[in-house]
Every structure is written in C-alpha cells, then in structure tokens.
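> After the structure tokens below, expect a handful of questions from me.
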Amino acid sequence: MIEMTIYGRGGQGGVTLAKLIANAYFLEGKHVQAFGVYAAERSGAPLQAYVRIDDVEITNHNQIRTPDHVIVLDRTLTTPCVLTGHKPDGWVILNSPEPPDAFAELFPGRQVATIDATTIAVTNGLGTRTVPIVNTTMLGAVGRVLGLTLDDVTGALAEVNFGGGNITAATRAFETVRAERLAGAVAAPATPPKAGKIMGLLDDEVGGHPRIHTGDWTTRQPHRQQLAPPCNNGCPAGNDVRGFVEAMAKGDHNEALRILLETSPLPGVCGRVCPAPCMDACNRQEFDESINIRELERFAADEGHPHVAIRGVGEPHRWRDETVAVVGSGPAGLSAAYHLARLAYRVTLLERDSELGGVMRTGIPAYRLPRDVLDREIKFIVDHGIEVKTGTSVDQEELLRLTHSFSAVFVGTGLQHLRSVDLGNGSAEAGDKTVEQGLAFLDRIRVDPESLTGLHVIVIGGGNTAMDAARSARRLGAKVEVVYRRTREQMPAIREEIEEAVEEGIVLRELVSPVRLRHDGVGPLLTCVRMRLGEPDDSGRPRPEQETSEDAYFDMRCDRVLLALGQSSDLSILPEGSEVRNQESLLGLTGAPVFAGGDFAANDGTVTAAIGSGRSTAWHIHRTLSGEDLFPPPAEAVAGSDVLHTHVFSHAPRAESKTLSMKERRQSFTEVRSGLSAADNSVEAVAEAGRCFSCGVCTVCDRCMDYCPEGILLRSGGGYEVDFEYCKGCGICAAECPRGVIYMADL
Amino acid sequence: MARKLVTGNFAAGHALALAGEANRRARGCAGGAYPITPQTEIIEYLRRFEFSKGRIVPVESEHSAMAVCMGASLGGARTFTASSSNGLAYMAENVFAAGFYRLPIVMVAVNRTLGPPWNIWVDQGDSLALRDAAWLQLYTDSHQDLVDTILLAFRVAEDPRVMLPTMVAMDGFVTSHTQMVVDLPEQEQVDAFLSTGCDVPHRLNVNRPTTVGGLTWPKETEHHRREIQDAMENVPAVLEEAINEFEGVFGRRPDGAIAAEHTEDAETVLVACNTMARTLRGVVAERRTAGTKIGMIKSKLFRPFPRQAFRDALSGVKRVGVLDRNHSPGSGGIFWPEIATSLSDQSDTIVQDYLVGLGGGDVTPEALDEIVEDLLQRECSGDPVWKEVAA
C-alpha cells in the first residue's frame, strides 16, 4: 500500500488533489481511497488530505500517520512538522520556486521535489496570488515524481471534467518539476507537541474548546473606513446631511438643528427653497426613493429651537479686536456674518434695502418662503451680536472707505445686473408696465399686490424667477404662459417648481423665443419664433436654433410681458483694476483685504450655494486675520451605492409634505407646502429620517458583531475592534455591513 | 454497471434517485429535504436529478422534511430523504409518526455526533436515539455496502410482510466524504430489482375516504404495536429473500443482518459496525496469522435486532468484545446490551463493551489491536471501557 499526506490550506484544493491522484491510479487499475480531514475547511485553514493506493481492496478507514509521500501546497506549511511519520524513502513534494537543495537544512537526506505551482496556477488563471488554487498544477508534479505518465495525469483531470488552464498547468508542472535526494543524514522526525489539558464543560474556564489561533490562517482581514455620504458630498452649503438626519431618526430635533446650524444659519429657508442636490445624490433612490432630506431640514428648523440647539447666543462674551464689514444681506452675506460673529469678530452688516434678506425677501414669493420663517432665521443670526445698517448703499467709493475702517470686508451683493431683451418697444412711456423685469415685479407685488384678473401675462425664461413670476401672476388672477426657447427638460428651475406651476394652470410654451412687442390697436402682440434643438453648447445643453420654415413666426396676444432671463454680478462696486478671486482677497486694493462671496463671486444661482460660499469666505477671512485654518481635511472617498449591502433594509415609501388645495393655491400666497406632520411626536418625520442608509458612516448597528461567526468583534470607542488573533478573514462582517464601513483587505 | 471513484454521499444520492425513478410507472417518487452537514450532498444530488415522475421538495426544517415524506408516502409514492445528527433529533417527532403510521419511507442517516459541544464527525448516537421509532435500522461499512443496502431497504420496507420505514446509516465523513471505488448500478438493473413497485396498502384514496392514525383505545394501540412487532420479526427472512434476488440481478451478494468472519473456531470475537468493522478486519486477520483463535462480526441490522443470528454465530465463544461508537449516558454503548441480552443463556460468555471513536475519534488499527489485547486478557466482563484514540 502507498499512503500520501497532503498539507494545504482551505481554498487551495487539497482534498480535490487527493481525489485527482486517486483517480490517476484508479484509471491504472489500482484500488484507491481519498479523503480530507473536515471541519476546518474554511478558506485559509490548514488542512490535511490523504490518499491510499493498493493492489488489493483497501479496508482501513483511519487517517494516515506514516505516509510514504508528503505533498505540501503552501509555503507557510513547509516546516519539519510535515515529516511526522514520513518514511525516509518516500518523496517530499513542495510548492516552491526554489530548487530542491534549498531545503537541505529542513529536510536533510530526504527525496525532495519542487515546483513553483503558485506562479504556474496564477498564470493559468487558477485562483489569485493570495489564494492560488494549486491542486491541478501539483498533480502534474506528483504524477511525474511518482512515475505516472502525462496521459495518466490528464486522464485524471478529464475524468472530473477539469480542462483549460488545469491541463496546461498540470502539463507544465509535469515537464518542469525538479527532484533529487538531498545530502545529509535523515533527521529524526519532529516530536509532535504534547496535547494540553482538556477542559470540561463545567470547568471555570469555558470548557471543552481548544484554543486555535485561527487568525494565522487568514489571507485577508476586515478593516474600517469612513466614507463621505453622497448627500454630504452633494450639499453646496457643506451641511452634515447624514448627521442631522441620524439625529432626526432618534427624534432629537434640537440636535438635528444644532448640526445644521454648525454650517448653515438658514435651515428653514433651505428646507423650503433648496433644489436639494443631496436628494439627487442619495443612494436610496436606487433602492426605492431618496430620503426627503429637504422636508426633514425644514422640519428640524421649524420644530427645533435654535437657542436650545446652540446655547449662549447673544450673551456677553469677549470679542476679538478685529472688525469685519459685510456688504449685502442675502444668503451669502448673512452666512458670512453669522460665521464671523460665531468666531467673535465684530460684524457690521450693510444692506441697501430697508430689510435684511436680499433676494430671499425680494425675489422668492411667500407661497414658497413665508416671511415669518425668513424673519425668524435672520433674527437668530443678528442675535449673535451683529450690527445692522439697513438703507446703506455701498458703491466703489464707500467700499474703499470701508477698507480703511474695518479689518476686513466681505462683498456679497449678489446678481444686481438683470439681463434683458430688446423687443423693439423702446418708445414705451415711463410707467408703462407692459414689459417688466420678473424680479422687479416680484419685489413690487410683495408690497403692493396688484390684481391681474382677466389679464394675459407672458413670462419669458425658464429659471426659478420665471416660475416665481408666473405663479405669482397666476395668484393675482392672470392667465399665464411661460415662453422658453428650449424644452421643459432643459429648464434650470427646480423640478418641483415647474411641476407645481403646471398644476396651477400655467401653460409652458416650449421651443419659442420672443422677437418683438407691438401694439395693433386692440392691445399688445408679442411676435415669437419657433425654435428647435441643435448641437450641445458650452453648458452641455442643446443649443436652440430658429426654425426657418415659413410659419416659424407667430403672434401671441398679451397684456404684460415679464422678463426672467437671468442675472449677473454688477462689478462696478469694485475699484478699477481689482479682480474677484476665489478663496483670496481682491487684488488692486490698498486698505484691509476685501473678499467676495456668494453669487457675486460665483454665480451658482442657489441660496444653498451662497450659504456655503458665505461660510467658506468667512473662514478665509478668519485665516487671513488669525492664521487659524478651520477648513476640514480633504473629504474621504464618497460612499457609492456599490459599497452598500442593501439586503438589510426594507422598502418604505417616502414621506411627502402636505400641499395646499389647488383652489387655495390659485388664489393666495399662503405657503403651498406645509411640511411633514408633527403629530404623534413627529412619528412621520422620525420614520422618514429612519429610512437613511447612513452611507459610509458607522451607526454602531452591531450587525457586524452579531453576524461574526467567531464572536471576535467587540464594541470599542464608538466602533468595533477585531481580535485578529482569531479572525479567519471570512468576510461576513464586511458582507453584512450595510454601510460599506467594513471592507476586506488582502494581507 | 459503472465502476466509479465517488464519495459515499454521491453513491447514496445515486442509489436513492435510481430507486425513486424505478417507481415511475407506478405512483412515482417524492421526499422532503433539508440540508445538514455531512448529509447535504445527498440532498443536492437528489435536487439535481431529473425524475420522470416525482420531485424532492425543499422545506424549512427536518421536521417538515419528514412531514412531506409522510404525506407523499400516504399518497402512495416511493419516498425517501436523508438527514444527520441534530437534524434527526429535530425530525424525531415525525420519525416516530412515520414508523407508527407504517409508511415504507427510506431515510439515509449520515451518522454525526449530537451537539453540544458542536462536532460534525461520526458517532452513531444520532440514529440510535431513534431506535424505538418503529424503523428498521441498517448500518453500512463501505460505499458498496451503502449502495446495495439502500436498494435492499426499499425492497424490505415496501414488502407487505414488513411495511415499515427503514433507515440506512453510514459514517459521517469517513464514508460520506471519502472517495472510494464503487459499482454504481444502472437504472435497468434497479428497475428489475424493484419491479414490484411501491404499493402502500393504506394509501389515501379520494374514492375511499378514511382517517389514518386517529384516536384509539389502549387495546387497539396494543394491537397496533403487536402488529409492528410481528412485522419486525418478519424482517430477517424478507431481507434474506431480497439479498437472494439482489444477487440474481446484480451478480454480487450484499451482507445480511450480520457478517461473521473466522467465528467458527473462535474463542474471542469482536463485534463492530460501519467503517470501524472494516478497519477491524485487518487487525483480526493479523491476529489470526499469529495463531490467535479470534473472529469478528460486522453488525449491520440493528432494528430488528437479529438475536438469533448472534446466538448462532457466538455459540460457545468465550469472550465477546463490543465496539460501540455511541454512548447512552448512564448505561454505556448501545449495541452492547443488545448483544448481551441475545446471549443471556450463555452464562459463561464474557461480553465486554468498549466505547471507541466517540465524537469522530480516529480509530486506528493499533487502537483496535490494543482492545483485542485487553479482551484476550479478560477472565470476566466489567463496566464499559473508554478506549482513547488519537486526536
């Protein structure tokens, strides 16, 4: 009888090698037996497999203890231990790139054969360098050394339908295995270590279980990473969206509000008018629907108490010596003033109008942003000890003066230059309201809501101002049409605004561009031209081109035309030769440094981006004045949906805000959306926040700990610690981590 | 017939599938299945097999697996399943029900230690715990014995003189996961051997509504038990008939209730079952060569226990050593008292129990020879001996 012992690690195919060797001899007409020692068959665990070959029936069923040949599949197992019971005339066949005589010290006097099975296997696509599947390669080497033919080897593979790379690898090993008897005297086999005391079930120590340092088996280990949630990454204001939603899920509105107020002083505004790029980025939309983050932000702002969330606002404290002038009280100016005041700078806020708020007050209608919400948030900002000077225009000359009386100046005057179009009605008399800028219209009617009942209003443009003007005109009784030169898909307005406008009965005239306005005796007539979409322009949107057909031109009857064609910065406030620069003060000035922020510096066109710009510019000012850098380190990689394991989650519909009835919407400036219900201890908002996956951020959900089959994950410092002495690298913790926090790294 | 190098689980799956398929012209075949190490590959084989008439139903537990078997068998299908260890323990209630319903279900039991502490290796305590469930129990020592015994099991279980479920046991891993060469039968052979088809006399029939196993008085229950005992007593003869026919079809003769070697003139005889009995063969052969009057018995049929066969084989023997790879706490090995009872009228025979290879301990020829040596020195029997084997 010939007996062989195979030493390998789970995943390398040791048991299959035993079967393949047995098959090769079986095809030669021998009696064979092949088996493995089971139970530790997890990937990486050391294992033994056995082969018996005889000319007569084999009746022994015990494990092999005195093998003729020993086969070692793994470098880390190539130790004198493999010689236990080995008969000196047998072979020791090793997976190694070294020649046999490299093992002269380990296995003196033995017959040793070596083959670089790992390289051959990996080259032939069998496993990876970390876990190579070397069994079929080793079969070739074993066959050659033990005197089988190449046909025996390939026949054994064919018998179990192994082809392709297996055949190539086995053949290569058959041809290149090196074998020789090593010099020296055969050493006495190593004495196996004495077994320790076996503990009983009732012994003081946990009984019966041998302590196996299974961490030695592993080829990979779990590690933790913190990734940037896509919502946080997508927030122009820099809010910790995931963080505030998590607080909401715990029902802690004030904590949610505190997290929001760390970055933005206007959550009630953002929770109403933000286009919510966070929701576009939300990984949950691939699962069912994105989290209703905008409504949650509004809920936190409306239900939380800012003075509870942040204690001590307005109380006496030590101010810095430096002073900062903030020009413009739109979202950028308010944000900059707020953050500077929190950093203990004495801030003077200068506003041309009689009230603070800028475009949030003059340009956003009350049905989207009620005045009391805006007033409440502005009051909280001003409560930080900000000196307010309304009715104060700042021109170039005044700006220069400010640079000599303040330590720094922030300019956030927004977009004061309104784009227009020449409709050939230049002869219109003063006071003629036939053609009016949409923003001027919005500012005018908030003070003096004029009835437009029975009038036909045409709004030109496709942005938020166009929608606001159209919907306001509708509320004042007008029949409203919006004329836009591209299609609805390309409109820059917030999607919901367009949808709500259409719901309210506003007609969208797509692919139409105004040409001129004239009077035909009956009333005004707007001549328009039909457009078509051409090749994409610099903005990536299709370029509108005029139709050339004969009926391309047509007239639209109207009483009013409102222009909403976009705005740009009015740079005339800046001294000659100065230049707006991102993150740095303006060039060409002699006094205190002047910084620009908000839409004035970079036209992002949203309140949220302006808030973010105001904060980061405040931090630039702080860095310039104090040398302290508050900017966080560069963001971690973003947690994409590919790192999540969403089988953990259940589908749940998104909670939506209640909306006003259509009848009321057509008649009043009452806020259209009333937000999520605060009834039953805010159960609706808490449940909505509970839908958050918390992408890339550990919530200490314990799932990794619960699912670890070894029980070697323990809570530690707000996260978990792995006992690597016993971690087999099975990867279940990573596979069960819903948030992509745990990942497996090859050793 | 194809000679193949396969695992015990593959061989068992193959035999069960062919037996099920052989009933395709009658009421087909069925079974409920739930996986457990080391039996899982049998279930996988059966699920992959494309039956002409019948199906294996995956269920959520062993308890339900046996429930499906009972329903299928009461419907007249040839029915089979497989389980192991704690799975058998969980199935137990319905195992008893299947026996007392007298349904000719065949179940392969892959012997594995009952936990805790958790252990997946061989120990016959799992199937032996079900010895009183009115099932036949057959223990097999090799891949070939396993295949042949599964086919015999259907013949005996479905015989009208028996009509009882039958368990065919093999060693976990040592048989189930070991590659050995085996003659795998062809479908035509199995068709010929099981040509009578499965006919359950009390099968449910919509044209003849009945209740099976309703409430009974003590007298009816006792009568029912007596019938089962009578059926059990018919088993040795029915098994012998089946073996004869098997030999006619397949050209080889499987072992019967027991298989005795060198017992004719033996003063000392060892009794073992499953693969331990095969390893023992070499040990006994060497002792014989050295001049010791020693023999051995492979114990295959455990229920009904073949008392007469043991009496005949062990008549006049001085020392009997029983190798038990199982343990009934508070008593000892489970085969031991059965054999001792069989020999109750041989008062001068020593019957010594050895507990060996519990929890899957590796039973080497050396360990068995040490047992032989101990037994040869004995003048009287004692308490069961715990024989330590290598880890």
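> Using Cα centres only, tell me the gap between the stretch B:16-50 and the stretch A:327-379 in whole Å.
76
> Amide H of A:Gln567: which non-local residues (sequence gap of 5 or more, or other chain) have their own amide H closer than 5 Å, using H built in the peptide plane?
Amide H neighbours of A:Gln567: A:Arg419.
> Rounded to a whole number, what is D in µm²/s for the stretch A:2-181 from Stokes-Einstein with the Kirkwood radius over alpha-carbon pairs (37 °C, 0.692 mPa s)?
Working: Rh = 15.8 Å.
The estimated diffusion coefficient comes to 207 µm²/s.
> In debye to the nearest 20, how big a dipole does the stretch B:1-124 give about its Cα centre with +1 on each Lys and Arg Cβ and -1 on each Asp and Glu Cβ?
Value, rounded to 20: 620 debye.
> Mind listing the long-range amide H neighbours of A:Tyr367? Cut-off is under 5 Å, sequence gap 5 or more, other chains count too, H placed in the peptide plane at 1.01 Å from N.
For A:Tyr367, whose amide H was placed from the backbone, there are no distant partners under 5 Å.
> Need one number: % antiparallel among DSSP beta bridges in chain B, to the nearest 5.
Values: 14 of 53 bridges.
Of the beta bridges lying entirely in chain B, close to 25 percent run antiparallel.
> When chain B is treated as a GNM, springs tying every alpha-carbon pair under 10 Å, which of B:Asp123, B:Asp148, B:Asp191 comes out with the largest mean-square fluctuation?
Of B:Asp123, B:Asp148, B:Asp191, the Gaussian network model singles out B:Asp191 as fluctuating most.
> Which lysines have a Cα less than 25 Å from the Cα of A:Lys389, not counting those fewer than 8 places away in the same chain?
The reachable lysines, counting only those whose Cα sits under 25 Å from A:Lys389, are A:Lys379.
> Relative contact order (percent) for the stretch B:2-250, with alpha-carbon contacts under 8 angstrom and 6 or more residues of separation?
This gives 25 percent for the stretch B:2-250.
> Can you pull out the GluC sites (Glu not before Pro) in the stretch A:200-306 that DSSP calls coil and that have at most 11 other Cβ atoms within 10 Å? Please report the intermediate quantities before stating the final value.
Numbers: sites: A:Glu205, A:Glu246, A:Glu255, A:Glu262, A:Glu286, A:Glu289, A:Glu295, A:Glu297, A:Glu303; in loops: A:Glu205, A:Glu289.
Those that pass, being in a loop and sparsely packed, are A:Glu205.
> Connecting C-alpha atoms closer than 10 Å in a GNM of chain B, tell me which of B:Ala237, B:Ala272, B:Ala285 has the biggest fluctuation.
B:Ala237
> Test of understanding: what is the full-extension gain from A:Ala183 to A:Arg376, defined as 0.36 nm times their sequence separation minus their Cα-Cα distance? Let's see the in-between values first.
Working: separation 193, 0.36 × 193 = 69.48 nm, distance 9.18 nm.
Full extension of this stretch gives 60.3 nm more.
> Still on this model: Taking the Cα centre of the protein assembly as shown as the origin and placing charges on Cβ (Lys, Arg +1; Asp, Glu -1), which of A:Val459, B:Pro337, B:His143 is farthest toward the positive end of the dipole?
Final value for the positive-end residue is A:Val459.
> Would you work out the charge dipole size for chain A about its Cα centre, treating the Cβ of every Lys and Arg as +1 and the Cβ of every Asp and Glu as -1, and quote it to the nearest 20 debye? Could the numbers behind the result be given before it?
Values: 74 positive and 100 negative charges, 68 e Å.
Its charge dipole is roughly 320 debye.
> Where both partners of a DSSP beta bridge lie in the protein assembly as shown, what percent of those bridges are antiparallel, to the nearest 5?
So the antiparallel bridges amount to about 45 percent of the total.
> Could you work out the longest stretch of chain B that avoids the GluC sites (Glu not before Pro) located in DSSP loops with at most 14 other Cβ atoms within 10 Å? It would help to have the intermediate numbers written out before the result.
On the way: sites that count: B:Glu50, B:Glu60, B:Glu186, B:Glu264, B:Glu267, B:Glu379, B:Glu388.
Formally, the longest exposed-site-free interval is B:61-185.
> Please determine, in degrees from 0 to 90 and to the nearest 10, the orientation of helix A:438-447 with respect to the longest principal axis defined by the Cα atoms of chain A, where the helix direction is its Cα long axis.
70
> Ok, one more. Sequence gap at least 6, Cα distance under 8 Å: using those rules, report the relative contact order of chain A to the nearest whole percent. Walk me through the numbers on the way to the answer.
Details: 1616 pairs, mean separation 104.2, N = 747.
Worked out over chain A, it gives 14 percent.
> Ok, one more. Could you tell me how far the Cα centroid of the stretch A:607-642 sits from the Cα centroid of the stretch A:442-517, in Å?
One Cα centre to the other: 36 Å.
> Moving to a separate point now. For the protein assembly as shown, what is the calculated [θ] at 222 nm in deg cm²/dmol (nearest 500), taking -39500 (n - 2.57) for each run of four or more DSSP H residues and dividing by its residue count? Don't skip to the answer; put the middle values down first.
On the way: 36 runs with 379 residues, N = 1138.
Mean residue ellipticity, 222 nm, calculated: -10000 deg cm²/dmol.
> Sorting check: for A:671-681, B:104-114, A:126-136, which peptide has the highest mean count of neighbouring beta carbons within 10 Å, and how do the rest follow? Kindly include the intermediate steps, with their values, before the conclusion.
On the way: A:671-681: 15.6, B:104-114: 28.0, A:126-136: 21.2.
Ranked from most to least packed, the peptides come out as B:104-114, A:126-136, A:671-681.
> While we're here: If you place +1 on the Cβ of every Lys and Arg and -1 on the Cβ of every Asp and Glu, how big does the dipole about the Cα centre of the stretch A:61-107 come out, in debye to the nearest 20?
Numbers: 3 positive and 6 negative charges, 45 e Å.
Roughly 220 debye for the stretch A:61-107.
> Follow-up question, since we're still on this one. Give me a single rounded figure for B:135-142: the average over its residues of other chain Cβ atoms within 10 Å of their Cβ. Write out the running numbers ahead of the final one.
Numbers: counts 0, 0, 0, 0, 0, 0, 2, 4.
Whole-number average of other-chain Cβ neighbours for B:135-142 is 1.
> Once you list every other residue whose beta carbon is under 11 Å from the beta carbon of B:Gln39, what net charge do they have if Lys and Arg are +1 and Asp and Glu are -1? Please list the in-between numbers first.
Details: positive: B:Arg112; negative: B:Glu41, B:Glu44, B:Glu62, B:Asp126.
Summing Lys and Arg as +1 and Asp and Glu as -1 gives -3.
> Specify, per residue and in Å³, the volume enclosed by the convex hull of the alpha carbon atoms belonging to chain B. The partial results should precede the final answer.
Numbers: hull volume 55.1 nm³, N = 391.
Taking only Cα atoms, chain B has a hull volume of 141 Å³ per residue.
> Still on this model: Once both axes come from the Cα atoms, what is the angle between helix A:14-26 and the longest principal axis of chain A, in degrees from 0 to 90, rounded to 10?
40
> Loop only by DSSP, 16 or fewer other Cβ within 10 Å of the Cβ. Give me the GluC sites (Glu not before Pro) in the stretch A:571-667 that pass, ordered by residue number.
Working: sites: A:Glu576, A:Glu579, A:Glu584, A:Glu628, A:Glu636, A:Glu656, A:Glu664; in loops: A:Glu576, A:Glu579, A:Glu584, A:Glu628, A:Glu636, A:Glu656.
Of the GluC sites (Glu not before Pro), the ones in loops of the stretch A:571-667 whose Cβ has at most 16 other Cβ atoms within 10 Å are A:Glu576, A:Glu579, A:Glu584, A:Glu628, A:Glu636, A:Glu656.
> Using alpha carbon centroids, what distance separates the stretch A:676-747 and the stretch B:318-377, in Å?
Answer, in whole Å: 54.
> Let me ask something else about it. Put +1 on the Cβ of each Lys and Arg and -1 on the Cβ of each Asp and Glu in the protein assembly as shown; which of A:Gly29, A:Thr670, B:Ala390 then has its Cα farthest toward the positive end of the dipole?
Highest projection toward the positive end goes to A:Thr670.
> What list of ³J(HN,Hα) couplings, whole Hz, do you get for the stretch A:735-747 from phi and the Karplus terms 6.51, -1.76, 1.60, once you set θ to phi - 60° and write x for glycine and proline?
For the stretch A:735-747, the Karplus-derived couplings read 5, 9, 6, x, 9, x, 6, 9, 9, 9, 10, 5, 7 Hz, x marking Gly and Pro.
> Follow-up question, since we're still on this one. Positive end of the charge dipole of the stretch B:2-250 (Lys, Arg +1 and Asp, Glu -1 on Cβ, about the Cα centre): tell me which of B:Ala237, B:Met66, B:Leu18 has its Cα farthest that way.
B:Met66
> With an 8 Å Cα cut-off and a minimum separation of 6 or more residues, compute the relative contact order for the stretch B:258-387 in percent. Could the numbers behind the result be given before it?
Working: 222 pairs, mean separation 34.5, N = 130.
Relative contact order here is 27 percent.
Coordinate-derived values only; no laboratory data. The structure presented is a predicted model; accordingly, all values stated were derived computationally and were not measured. In this analysis, Cβ positions are derived from the backbone assuming ideal geometry, glycine residues included, and neighbour counts consider all displayed protein chains.
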